[in-house]
1. Just checking, which of 121, 77 is in a helix (DSSP H, G or I) and touching a strand residue (DSSP E or B) at 6+ places or on another chain (Cβ under 9 Å)?
2. Taking the condition in contact with a strand residue (DSSP E or B) (Cβ under 7 Å, 6 or more places away or on another chain) and either under 30 Å from residue 390 (Cα atoms) or in a loop (DSSP other than H, G, I, E, B) (or both), does residue 265 pass?
3. Would it be correct to say that residue 364 is closer than 23 Å to residue 172 by Cβ and modelled with pLDDT of 95 or more?
4. Of all the residues that make up the range 412-422, how many are over 17 Å from residue 376 (Cβ atoms) and surrounded by 21 or more Cβ atoms within 10 Å (Cβ to Cβ)?
5. Please determine, by comparing only the residues of the range 229-241 that are touching a residue at least 12 places away in the same chain (Cβ under 8 Å), out of contact with any helix residue (DSSP H, G or I) (no Cβ under 6 Å at 6 or more places or on another chain) and surrounded by fewer than 22 Cβ atoms within 10 Å (Cβ to Cβ), which one is farthest from residue 115 (Cα to Cα).
6. So, restricting to helices (runs of 4 or more DSSP H) that lie completely within the range 313-404, which ones have at least 1 residues that are within 30 Å of residue 4 (Cβ to Cβ), under 15 Å from the mean Cα position of the chain (by Cα) and outside the structural domain of residue 429 (by TED's automatic domain parsing)?
7. Among the residues of the range 208-228, which ones are over 13 Å from residue 353 (Cβ atoms) and either buried (at least 24 other Cβ atoms within 10 Å of the Cβ) or over 20 Å from the mean Cα position of the chain (by Cα) (or both)?
8. Criterion first (more than 29 Å from residue 345 (Cα to Cα), outside any helix (DSSP H, G or I), modelled with pLDDT under 70 and out of contact with any helix residue (DSSP H, G or I) (no Cβ under 8 Å at 6 or more places or on another chain)) does residue 452 satisfy it?
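The values are calculated or read from the model by the stated rules, or taken from the named source; none is laboratory data. These numbers were taken from a predicted model, which means no experiment stands behind them. When we count neighbours, we look across all protein chains shown, and the Cβ atoms used for this are built from the backbone with ideal geometry, even at glycine.
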C-alpha cells in the first residue's frame, strides 16, 4: 500500500535501490571542496585599453524577466569585446508582461560593474552626445546563438559606418560555444561583476538569516507552477474544462506555439512537477517532514488547493511574504525584478536548491552553485518520474522511494554529472570549473551513470514574455 511514512527527521545519506549507501550526504557532497571556480584571464587576453577602438559604441536592449535579462547583460559584455567597442550600460526591459520600471542601477551595482570589468571592456553609463546633439543609434537584431564571426559579419560593418549600434531583444543572442577566454569573460561578468544593489543584498541576507535561525539546514524550491509556465508548456494537470479554458486562453498569446499534446509533453519530461509531486520526490530522497522549505514562486496555479499537499508533506513552509513584513518588502514588492532578486539570493545561499524546471533562473543558479563549491542542486528527472507518479498507488512506499532515488542519480548536482559543453553554458560553465589534482570524485561507474542519466534530461523552457502581443494580466483571463 502506498502511504508516505511519518518521517520526522531527514536522513543523513541517500541509499540506492539495493539498500546500499550512495556515498552522499543529503545536504552536501563530501568532495565538493576540491572543485572551485576559475575565471581569471590568461596573460594573452587583450585588455580593454589595448583592444577598445575610439568612437565605437554598443548598446543593448535586454528582454524578459530578471534572469533572462541577466543572460543578455553577460553576453553584451562579450559582444562588446568581440566588436572592440565601448559598452553602454544595458537598457532593461520595461515593456514585458511584468511591467517592471527598474533600470540597471536600481537592481545591480552599476559602479562595481564598470569597475570590476574595466580591464576587460570599457563601459560607460550613457551614450555621449554627438556634435552637441543626442545620438540615435542604429538598431539591429542579431539571430539567436550568433557566434563571433556572425557579429563580425552582421554588426561590425554597421558599427564602423554609424559608430553606435543598439542590439534589440538581446537574449541568448550569443553562441553557447565560444573559446575558453570568452567563456571565462562570461563567468567574470556573471559571478563577480553582476552584484545586486546594497538594499537588495541587505534584504536578501536578512531572509537567509531568518531561514537559518529556523534550522541548521533548509531547502529552497523554485516551484515554477504559475499559470504562465503551465500554459506555455502545454501541460495538463487534471483540472478539466476549467483548466483547459484558463490555460488555453493564456497560451494563445504566443502566436508561434503549435497545438499542444499534453500527454506527449509530460511523457517527454517537459512538464513541471506538481507541488505534491515535488514533495513526494523530496520525501523519497530522505528529506523528513521537519525540514524547512523556502518556496520561491509567483502566484501558484490553483492557489492553496495546489499547495496543500506539499504543505502537508513539509509543514515548515516559508516564502518571502511569511518571513518578512509588508513594511520590509515595501520597497521591492512593486518591482518583479527586485522581488526575483531576493529569491535568487535565498536560493543561492540555501543548502539544497530544487529547480522544478530548467528555465532561466534554474539554469543561472545551477551554474552559480557549481562555480561556488558545487552546492547541491536537484533537478527532477521528470521523464522517468512521470511514469512512477502515475503508478504510485500500485506499489509500496518503500518501492516508490527506492525507484525515485535510482532515477535521481545524475540529477543531484554532483560534479561531473554533465559532460563539458552539454546544456546552456550558464548552467554548466565547464570552462570556469577547476578540480584539485589527484582527487578522485565519483566512482567511474557512478560517473558514467550520472552523465548518461543527465543526457536524458529534457529542458523545460521559460516563456519569452517580450512578445508585444502579450501585454495583458493573467488575472483578466482567469476572471473571464
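1. After applying the criteria, what remains is 77.
2. Considered against the rule, which asks whether it is in contact with a strand residue (DSSP E or B) (Cβ under 7 Å, 6 or more places away or on another chain) and either under 30 Å from residue 390 (Cα atoms) or in a loop (DSSP other than H, G, I, E, B) (or both), residue 265 comes out as no.
3. For residue 364, the condition - closer than 23 Å to residue 172 by Cβ and modelled with pLDDT of 95 or more - is met.
4. Count: 0.
5. Looking at the filtered set, the residue picked out is 239.
6. 336-349
7. 209, 210, 212, 213, 214, 215, 216, 225
8. no
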